[in-house]
Each structure stands twice: as structure tokens, then as C-alpha cells.
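A short worksheet on the structure shown next.
The values are calculated or read from the model by the stated rules, or taken from the named source; none is laboratory data. Keep in mind it's a predicted model, so treat the numbers as computed, not measured. For neighbour counting, all protein chains shown are included, and Cβ atoms are generated from backbone atoms with ideal geometry for every residue, glycine included. For accessibility, only protein heavy atoms count, side chains too; no ligands or nucleic acids. Shrake-Rupley method; radii C 1.70, N 1.55, O 1.52, S 1.80 Å.
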Amino acid sequence: MRAGVAEAIEDAGVVGAGGAGFPTHIKARSEADIVIANYAECEPLVASDTAVITQEPERVVRGLQLMQEATRATRAVVAMKRKTEKGIQILDKFSKTEKGFTVHLLDDVYPVGDEHVLVEEVTGRVVPQGGIPLEVSAVVSNVTTLWRVALAEEGKAFTERFVTVTGEVKAPGTLLVPVGTPVSRLLTECGGATVERPVLVMGGPMMGEITQDTESPVRKTTTALIVLPQDNALVRKRSAPISVDVRRAMAACMQCSDCTLLCPRYLLGHQLFPHKTMRSVAFWVRESEAELASAMLCSECGLCGVFACPMELSPVHVYQHIKQELVRRGKVPELRREVTDPRPEREGRRIPLSRLVARLGLTAYEAKAPAKAELLEVAEVRIPLREKWGKLRATVLVGQAVRKGDLLAEPFGKQPGARAHASIDGKIESVTEEFVHVAA
Ligand code: SF4
Ligand code: SF4
């Protein structure tokens, strides 16, 4: 049965749907003593996991049971914020019956859903820097992922997900949409943008990808589409090119260390010191190997850039640039796995979400984005072939008829990745390195 669960998950192409995109079958083939359902939903404005919990609680619980069974874990925990009253009611009802899991309540701070932070909150164990939760015998899966795990058991591929559409749109909502749907279709469904030349954030405002391309497709990891005006504080802070960040660092970094003192990974005891990296950048100091390697410890939570720095500098952007360069040059450093203790000041330095939302200029968009359970009808989809954890090889030809759930692409050889499937019935219009285009 254990092998059967992992195989079903692999067949269905399930990945970490909270944003990480890691193939779930790899987690299901590991062994751990605790499985944690991540319902922290810690990015501002995003309500896609809440939609899953309210619409599909039985399957979330079933997915958790399956992951517990697959990993032979002795404990299963749902970690969720204490402010999520409806979710607590729903999951409490399940936990009091025969379902065999407990609920762990979290404070409304950012980024409590970061796997390293979450594992420490729930178990008290600190994941070694540069490591993964499995190194402390924990497996973490987002609740949307667990919903898809339960559907995988029923033989259903990962073909749709909930996406919150909010910000500058007429009618915000959390829609159930086929993977590959162009964001233009989501905008139409929500009444269109209410500003000229809107900026789109695919995902949460802190970690999502900024684009103006309305044909970008919904991915398995797309939690939200946030529509913002050009002059929004978040857009201003997040969209400067790296050359501007470097110039600003030279001109304005006063080495106050606030970026380090509020960094959630630093506060877990990891050897990550963004202020030192900014000093190197500002003064053209050639980075040491250790300093370059420290970029790989950054979770890209974005706090240093959009919240901590009084000069509006962006250490996270610098770290993203260093990581891209290391990957491009094939010089990703071997990380020293180091077990650390949380720093004693950590408790007092946690950032309430409400303060973050206000700082980002997002308070006006906090209105509800109600869930709609009906699957959105779409005329075409572009199924991505390039995901965070690898590239896929198309298995279909142009002109071929496909049904929803048919296999379209799979990982190359033994490379990590997750299969991709048709999310609508239709015909293959084109196959490129990036997408398989299916039209109804
Ligand atoms: S918070 Fe800003 S000014 Fe202070 S050290 Fe970090 S980058 Fe420099
Ligand atoms: S983005 Fe900034 S605050 Fe977040 S982990 Fe990286 S360095 Fe720390």
C-alpha cells in the first residue's frame, strides 16, 4: 500500500502546491515520524488553501492520512493559524472523530508557513541550515497538495487548483481553475482590472512572480493572482532591476543590520547575515566562498527587502541574483549542514501579518475573495513544461486529440519532476520547450 500511494501520487503529477513545487511522490517515498499539513497560508491576501479546507475538508484529511501511511509517521498534525475560525471548526470536527490527527494553532505572523519556521513551531526541532525537514524526521505538505494526494488515490491527475484573484479587480474571488489557464481569463471572470496597465503578481505578494504578461498560465504552484497599480509600494520595492539595487546599496546602506536582525532564518540560528552581504555589494568586496554559499540559505521570504530595511534596499533581490549566477555558472556550493539553536531574541522579533500588510500598501485589498466551487470553463490552456524542480519532455504530438487527465509530459529519465496532464478536453495546438498548448 505504501508503494501504491507514492506511485499514485507520481502518476497524478502532484507537487507542493503552496509554491515550492517539489514533487510529492519523493516525499511519500521517505520515512519520517511526523507529517505536518501546512495550512498557515501566511502570505497576505491569499485564500486558496482556505477554499480547499472549506470545499474539500474530507479529502485534505484523507491526503494527510495517506502521507502518514506512506511515510510511516507516528504523528499527523494540521498546523493552522488560530485566527482561522472556520477552518478550526471544520478540522476540529474531524480531529475529534476517528481521523487520528491533532491541530496545532499558530500566531498570525510572517513567514510562519516557511517549512523551517513551521517545523520549529510544531515540533521544537530546528531543521539544519541548508537542510530539509526530513533531516529532523518531518514531512511538510501544504493542504492543497494533500487534497490532490487524495484525488491521486482516486486516479485523478493534478489538473486544477484554487487561485485567489484579488487587488485591483472588480469582483475578487477564489476560483477553481484548470492548470494552464491564461491569467487574462481569470481577470475576465473577476470583472477585469480597475487600473490602467496593472502589475500582476502570480502568487503571494511577498514571494510571487511579478509580470505584466496577461497570457501567463496558472501553474500547479499558483496560489493567487494579485492585481496592483504601478505606483503600489510593493511593486516599487520589488520590481527594481538588480543594477539599481546594487547602486542603491552603494549609496544608501548604512549597515544598521535590521535586515539581519529580522531575518527569520537568521533567527533560527542559521549563518545568514544579509547586512554583511550588502556591505560586500556596496563596497565591491569580493565575496568569500562562505558568503556566496550563504545565499543558498535564504528562503526568499522577502522580509528584509519589503519590511526590514529603512532605506528600501533589497537584500533578497541580491541573494536571488547570486543564486541565479551560481546556478548559471554551475557552481552551486555544497552547503554545510549545521544544526543550530534558535536565537533567544526570536520570539520578540516575529512580524504580525497586519503590520506587513499595512507596510506593503495592501490594506485596501483585504476584502474577502469568496471561493467558487464550480470549475472555470476555459477555451485553451498552456501546460508548463518548465517547473521549479526540472524540465519535462512532451509525450504528445501536434494535432492529437486529448481528454482531461491524459498524460502530456513527463520528466527526462530519472531527473526530478512531476508529470503533466491535459486539464481540458481538446486538441494539441502546439508543443514548445515551454508549453503544450491545448485548445478545446
Ligand atoms: S537594513 Fe538596509 S540599510 Fe540596514 S544593513 Fe540592511 S540593507 Fe543596509
Ligand atoms: S529574504 Fe531576507 S529575510 Fe528572508 S530569509 Fe532571505 S535574507 Fe532572510
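Within the stretch 413-427, residues that are more than 16 Å from P384 (Cα to Cα) have Cβ atoms under 7 Å from residues that are at pLDDT below 85 in these pairs: Q415/G390, counting only partners at least 6 apart in sequence or on another chain.
Among the residues of the stretch 131-156, those identified as open to solvent by 60 Å² or more (accessible area, probe 1.4 Å) and either touching a helix residue (DSSP H, G or I) at 6+ places or on another chain (Cβ under 9 Å) or among the polar types (S, T, N, Q) (or both) are I132, L134, E153, E154, G155, K156. Just one of (1) closer than 30 Å to V179 by Cβ; (2) open to solvent by less than 10 Å² (accessible area, probe 1.4 Å); (3) in contact with a strand residue (DSSP E or B) (Cβ under 6 Å, 6 or more places away or on another chain) fails for L234. It is (3). Please determine whether any residue of the stretch 228-238 is within 14 Å of ligand 1 (Cβ to nearest atom), touching a residue at least 60 places away in the same chain (Cβ under 8 Å) and out of contact with any Lys or Arg (no Cβ under 6 Å at 6 or more places or on another chain). Taking every residue of the stretch 228-238 in turn, at least one turns out to be within 14 Å of ligand 1 (Cβ to nearest atom), touching a residue at least 60 places away in the same chain (Cβ under 8 Å) and out of contact with any Lys or Arg (no Cβ under 6 Å at 6 or more places or on another chain). Counting only residues that are out of contact with any helix residue (DSSP H, G or I) (no Cβ under 7 Å at 6 or more places or on another chain) and open to solvent by less than 10 Å² (accessible area, probe 1.4 Å), the stretch 48-70 holds 1 of them.
Applying a threshold of 7 Å to beta carbon distances and a minimum spacing of six or more residues, or different chains, the list of pairs starting in the stretch 26-37 at a residue that is more than 17 Å from A8 (Cβ to Cβ) and ending at one that is hydroxyl-bearing (S, T, Y) and outside any strand (DSSP E or B) reads E31/T71; A32/T71; A32/S137; D33/T74; D33/S137; I34/T123; I34/S137. Counting the residues of the stretch 71-113 that are among the hydroxyl-bearing types (S, T, Y) and open to solvent by 50 Å² or more (accessible area, probe 1.4 Å) gives 3.
When only residues in the stretch 114-126 that are within 13 Å of ligand 2 (Cβ to nearest atom) and not acidic (D, E) count, which is surrounded by the most Cβ atoms within 10 Å (Cβ to Cβ)? Here the residue is V117. Within the stretch 154-176, the only residue that satisfies the criterion of being aromatic (F, W, Y) and touching a strand residue (DSSP E or B) at 6+ places or on another chain (Cβ under 6 Å) is F162.
Restricted to helices (runs of 4 or more DSSP H) entirely inside the stretch 239-321, those with at least 3 residues that are at pLDDT below 95 and crowded, with 18+ Cβ neighbours inside 10 Å are 242-252, 274-282, 289-294. The single condition among (1) closer than 22 Å to V306 by Cβ; (2) touching a residue at least 60 places away in the same chain (Cβ under 8 Å); (3) of a type in the set (K, R) that R161 does not satisfy is (1). Residues of the stretch 1-18 that are in contact with a strand residue (DSSP E or B) (Cβ under 8 Å, 6 or more places away or on another chain), part of a loop (DSSP other than H, G, I, E, B) and open to solvent by 10 Å² or more (accessible area, probe 1.4 Å): G16, G18. Per the listing P342, P384, P352, the residue uniquely open to solvent by less than 70 Å² (accessible area, probe 1.4 Å) and under 25 Å from A418 (Cα atoms) is P384. When the residues of the stretch 322-338 are narrowed to those that are in contact with an Asp or Glu (Cβ under 9 Å, 6 or more places away or on another chain) and open to solvent by 50 Å² or more (accessible area, probe 1.4 Å), which ends up nearest to D108 (Cα to Cα)? Here the residue is R337.
Condition check ((1) hydrophobic (A, V, I, L, M, F, W, C); (2) farther than 15 Å from I351 by Cβ; (3) free of Cβ contacts under 8 Å to residues at least 60 places away in the same chain) across all residues:
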site: L292; (1), (2), (3): yes, yes, yes
site: M296; (1), (2), (3): yes, yes, no
site: G302; (1), (2), (3): no, no, no
site: V306; (1), (2), (3): yes, no, no
site: C309; (1), (2), (3): yes, no, yes
site: L313; (1), (2), (3): yes, yes, no
site: V318; (1), (2), (3): yes, yes, no
site: V327; (1), (2), (3): yes, yes, yes
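The residues of the stretch 164-215 that are acidic (D, E) and either open to solvent by less than 20 Å² (accessible area, probe 1.4 Å) or more than 21 Å from the chain's Cα centre (by Cα) (or both), listed by number, are E168, E189, E196. Candidates are the residues of the stretch 86-113 that are in a loop (DSSP other than H, G, I, E, B) and within 16 Å of ligand 2 (Cβ to nearest atom); the one that is farthest from A73 (Cα to Cα) is P111.
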